[in-house]
Amino acid sequence: FPKEIGEWKSVQDAQPMIDSTIAELGVTEHISRIYSNGTDTVRLLLMAGKTARLIRHTPNICYASTGNTFLKDPTTVTMDVDGTTQEFQVLPIRPSSELTGDFVVVYGFAHAGVFKGPSNPRFVYHGLPSLEKIQVVCNCDPDKLGEIPEYAKSFIEGVCRYVQKAQGRKQEMVNSKW
């Protein structure tokens, strides 16, 4: 996965997933990094793994279990990326610790290079052998709780482009073997 996405550059690896979480979620590959565009930062967690296990643990479950408070229910947001509609859930959170400020988690699942953020991913992705899952954590604008922060949109678009391209290459390899 690239360390540069448009104007965004990886500035450090973020906290890695622990082995028990990787096993529980059926994660086969993951990336956890912090990116910056020189002014703003985002934290990316991108996972690939076994669908049945990956979809059962959405951020609203994960973040609630650690004592955080949701400022609003998840909101579905769509973005047009090169003519393809990409869909995400946006979840604004007040952390349990007073040491950090409110933040937003933008998350979704990708199959065949297209992200969707269904409220119940089990219904949408049930039966697929594998899936990608994205979580982008960024600062929260208190006046726009159900929206992707403007500065983070270019980063998310870049990730979408990369995943679409990678999925296209994977499909070409599958087709060439037949």
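The values are calculated or read from the model by the stated rules, or taken from the named source; none is laboratory data. Quantities reported herein were computed from a predicted structural model and do not represent experimental measurements. Heads up, the Cβs are rebuilt from the backbone with ideal geometry, glycines too, and the neighbour counts pull from every protein chain shown. In case anyone asks, the SASA skips ligands and DNA or RNA and just uses the protein heavy atoms, side chains included. Shrake-Rupley method; radii C 1.70, N 1.55, O 1.52, S 1.80 Å.
As a test of the formula, what do you get for the chain when each DSSP H run with n ≥ 4 contributes -39,500 (n - 2.57) and the sum is divided by the residue count, at 222 nm and rounded to the nearest 500 deg cm²/dmol?
That comes out to -8000 deg cm²/dmol.
Mind ordering 21-30, 81-90 by average Cβ neighbours within 10 Å, highest first? Working shown, then result.
Working: 21-30: 15.3, 81-90: 16.9.
Descending packing order for the listed peptides: 81-90, 21-30.
Considering only Ser65, Ser154, Ser130, give the residue with the highest GNM mean-square fluctuation for the chain, with springs between Cα atoms whenever their separation is below 10 Å.
Ser65
Take Lys9 and Asp141, extend 7 Å from each Cα along the Cα→Cβ direction, and tell me the distance between the two endpoints in nm.
Here the modelled spin labels are 2.6 nm apart.
For the range 126-141, take each phi angle, set θ = phi - 60°, evaluate the Karplus expression 6.51 cos²θ - 1.76 cosθ + 1.60, and give the result in whole Hz per residue in order, putting x for glycine and proline.
3, x, 6, x, 8, 7, 10, 10, 10, 9, 10, 10, 8, 4, 9, 8
What's the carbon and sulfur percent of the chain's accessible surface, probe 1.4 angstrom, rounded to a whole number? Mind dumping the intermediate values first?
Details: 4950 of 9770 Å².
That fraction is 51 percent.
Could you run the Karplus curve 6.51 cos²θ - 1.76 cosθ + 1.60 with θ = phi - 60° over the range 66-82 and give me ³J(HN,Hα) per residue in whole Hz, x for Gly and Pro?
Calculated HN-Hα couplings, in order: 9, x, 6, 10, 7, 7, 6, 5, x, 10, 7, 10, 10, 9, 8, 10, 6 Hz.
With the other protein chains left in place, how much accessible area per residue, in square angstrom, belongs to the chain at a 1.4 angstrom probe?
Working: 9770 Å² over 178 residues.
Counting only protein heavy atoms, the per-residue value for the chain is 55 Å².
Highest first, please rank the peptides 11-20, 96-105 by the mean number of other Cβ atoms sitting within 10 Å of their residues. Kindly include the intermediate steps, with their values, before the conclusion.
Details: 11-20: 11.3, 96-105: 13.9.
Averaged packing, sorted descending, gives the order 96-105, 11-20.
Quick one: Karplus J couplings for the range 4-20, per residue in order, coefficients 6.51, -1.76, 1.60, θ = phi - 60°, nearest Hz, x for Gly and Pro?
Per-residue couplings from phi come out as 10, 10, x, 7, 8, 10, 5, 10, 5, 6, 7, 4, x, 6, 7, 4, 5 Hz.
Kirkwood-based Rg over Rh for the range 40-98 (C-alpha set), two decimals? Don't jump to the answer; show the numbers that get you there.
Values: Rg = 13.8 Å, Rh = 13.7 Å.
That ratio is 1.01, to two decimals.
Tell me which residues come under 5 Å, amide H to amide H, from Leu71 once H is placed; ignore anything under 5 positions away on its chain.
Ile93, Arg94
Relative contact order of the chain: what whole-number percent is it, with Cα pairs under 8 angstrom and at least 6 residues apart? Please list the in-between numbers first.
On the way: 329 pairs, mean separation 37.4, N = 178.
With pairs under 8 Å counted, the relative contact order is 21 percent.
Between the range 60-99 and the range 129-150, what is the separation of their alpha carbon centroids in Å?
Cα centroid of the range 60-99 versus Cα centroid of the range 129-150: 5 Å apart.
Treat each spin label as a single point 7 Å out from the Cα along the C-beta direction, and report the Glu87 to Thr69 distance in nm.
Rounded to a tenth, the inter-label distance reads 3.1 nm.
Charges at C-beta only: +1 for Lys and Arg, -1 for Asp and Glu. How large is the resulting dipole of the chain about its Cα centre, in Debye rounded to 20? Don't skip to the end; give the middle numbers.
Working: 19 positive and 20 negative charges, 144 e Å.
With Lys and Arg at +1 and Asp and Glu at -1, about 700 debye.
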